[in-house]
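Have a look at the structure below before the remarks.
The values are calculated or read from the model by the stated rules, or taken from the named source; none is laboratory data. The model shown is predicted, which means the values in this text are computed figures rather than measured ones. Because the Cβ atoms are built from the backbone with ideal geometry, glycine has one as well, and the counts that use them run over all protein chains shown. Please note that ligands, DNA and RNA were not included when accessible areas were found on the heavy atoms of the full protein model with its side chains. Shrake-Rupley method; radii C 1.70, N 1.55, O 1.52, S 1.80 Å.
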Amino acid sequence: MKKFLIAPDSFKGTASASEICEIGKNAISKIIPDAEFSLLPIADGGEGTADCFLSCLGGEKVTLQVTGPHFSPVTASYAIAGGDTAVVEIASAAGLPMAGESNNPAESTTYGVGELICDAVGRGVQKIILALGGSCTNDAACGLASALGVKFSDRNGKEFIPVGATLDKISSIDLSAAKEKLSGVDVVAMCDIDNPLYGEKGAAYVFAPQKGADDECVKLLDKNLVSFSKTVERVVGISVASIPGAGAAGGAGAGAIVFLDATLQKGIDTVLDLCRFDKLAKEADLVITGEGRVDGQTTGGKAISGIALRAKALGAPVAVIAGDIGDNIETIYDMGVSFVLSTNRVAKSFSETKHRAKSDLALTFETLARMIKTVEIQNKM
């Protein structure tokens, strides 16, 4: 076994997918000097999606100052790939790593993401791919919509920019300015999950705790998403509550449908087709993928599950390297994963180990290579 396809997602806040590819290549080569590699940085709609498209299609990265998740200026970027397609990551202007450990998803905004889209439309793009993963927000993309010209008003007719804590204050919605701005622009929203807008499997209960919400905050956010859904159905005439993926990025999946007339699609399948994954996997002896955490959510359409299903159909074995391994991952093996390795060598929390994430990644790749070498030696005896 010497042909490896390394196709990881990023380890959020510690290493990009491209960095992981290089770390893996260098580490395995130390143990298996004649190893051959195909490196395929993967993004399924989260951080790194723009770079993934640029590496496949070519293009340019546009950087500008926009409104950050806490309403302060930040520097963010998006990609113009293939000439007329803008790839905008919600994580670029409203990402969890940039929000810091004190983030409050009830108060954070996606406004800056809308500013990125405005800039892209001003440059004449005909298609926008909105990558929904990695947000720190729970505003159902109302901030994004506000930047595009959508007007939200309360019962007294006063305009405001809704956040998660004030979604229930929305009484009227005027989409006319945004519709005119986006006329002739096709929008696709890439998401890596299929959660509904609200409820036990919705945006607030499943994802808001990861963004800094306590139990009371989660209940508030969920209640407000219910209110938002009812208002949208009454005012706009669209029912979004149960659409798979509506709960992505704090309800931005639903917001993308309502405000951008977007189509939701699985990000991982789009990326794998674009990057010729099937051809590379057929030629590999082992496919190595991974992400920061593997748990029960992994099988819901994230990068690892998409890669595993593709590889299984091609007869290629899959190894997973993860920063952390949660409970209830058994079904991942039915999808085509052979085994899962954790990089957490000292059994400590992420805050205590993130500074050593890259070195631990290298050591874990070396461990994998040593396992392979040992098995091959035994088979020859």
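Below, the figures for the structure above:
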{"item": "Residues satisfying the stated conditions in the stretch 164-216, i.e. among the acidic types (Asp, Glu), part of a helix (DSSP H, G or I) and without any contact (Cβ under 8 Å) to a residue 60 or more places away in the chain", "result": "GLU180, ASP215, GLU216"}
{"item": "Of the criteria (1) open to solvent by less than 10 Å² (accessible area, probe 1.4 Å); (2) touching a residue at least 24 places away in the same chain (Cβ under 8 Å); (3) over 18 Å from GLY267 (Cβ atoms), which one ALA147 fails", "result": "(1)"}
{"item": "Matching residues, the stretch 239-263, being at positive phi and either free of Cβ contacts under 8 Å to residues at least 40 places away in the same chain or open to solvent by 10 Å² or more (accessible area, probe 1.4 Å) (or both)", "result": "ALA249, ASP261"}
{"item": "Of the criteria (1) open to solvent by 10 Å² or more (accessible area, probe 1.4 Å); (2) in contact with an Asp or Glu (Cβ under 8 Å, 6 or more places away or on another chain), which one SER108 fails", "result": "(1)"}
{"item": "Close pairs (8 angstrom Cβ cut-off, 6 or more residues apart or separate chains): touching a residue at least 40 places away in the same chain (Cβ under 8 Å) and over 22 Å from GLY251 (Cα atoms) in the stretch 72-98, surrounded by 24 or more Cβ atoms within 10 Å (Cβ to Cβ) and among the aliphatic types (A, V, I, L, M) anywhere", "result": "ILE80/ALA86; ILE80/VAL87; THR85/ILE129"}
{"item": "Within the stretch 73-144, strands (runs of 3 or more DSSP E) holding 1 or more residues that are among the aromatic types (Phe, Trp, Tyr) and within 23 Å of GLY13 (Cα to Cα)", "result": "73-81"}
{"item": "The stretch 33-79, residues that are among the β-branched types (Val, Ile, Thr) and either closer than 23 Å to CYS118 by Cβ or surrounded by fewer than 17 Cβ atoms within 10 Å (Cβ to Cβ) (or both)", "result": "THR49, VAL62, THR63, VAL66, THR67, VAL74, THR75"}
{"item": "Extreme residue, least open to solvent (accessible area, probe 1.4 Å), among residues of the stretch 264-275 that are of a type outside the set (A, V, I, L, M) and in contact with a strand residue (DSSP E or B) (Cβ under 7 Å, 6 or more places away or on another chain)", "result": "GLY267"}
{"item": "Cross-chain or 6+ apart pairs with Cβ under 8 Å, the stretch 320-340 first and at positive phi and at pLDDT 90 or above, then of a type outside the set (Phe, Trp, Tyr) and part of a strand (DSSP E or B)", "result": "GLY336/VAL318"}
{"item": "Selection from the stretch 29-54 of residues that are part of a helix (DSSP H, G or I), of a type in the set (Ser, Thr, Tyr) and touching a residue at least 60 places away in the same chain (Cβ under 8 Å)", "result": "THR49"}
{"item": "Residues being touching an Asp or Glu at 6+ places or on another chain (Cβ under 9 Å) and open to solvent by 20 Å² or more (accessible area, probe 1.4 Å) - total across the stretch 118-133", "result": "3"}
{"item": "Test result for SER227, in contact with an Asp or Glu (Cβ under 6 Å, 6 or more places away or on another chain), closer than 29 Å to ALA165 by Cα, assigned to a helix (DSSP H, G or I) and modelled with pLDDT of 95 or more", "result": "yes"}
{"item": "Where a residue in the stretch 10-24 is assigned to a helix (DSSP H, G or I) and its partner, wherever it lies, is open to solvent by 10 Å² or more (accessible area, probe 1.4 Å) and not basic (Lys, Arg), with Cβ under 6 Å and at least six apart", "result": "ALA17/SER10; ALA17/PRO41; ALA17/GLY48; SER18/PRO41; CYS21/LEU39; CYS21/PRO41; ILE23/ALA362"}
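Yes/no per residue for (1) under 30 Å from PHE53 (Cβ atoms); (2) surrounded by 15 or more Cβ atoms within 10 Å (Cβ to Cβ):
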{"residue": "ILE170", "(1), (2)": "no, yes"}
{"residue": "GLN210", "(1), (2)": "yes, no"}
{"residue": "SER229", "(1), (2)": "no, yes"}
{"residue": "GLY237", "(1), (2)": "no, no"}
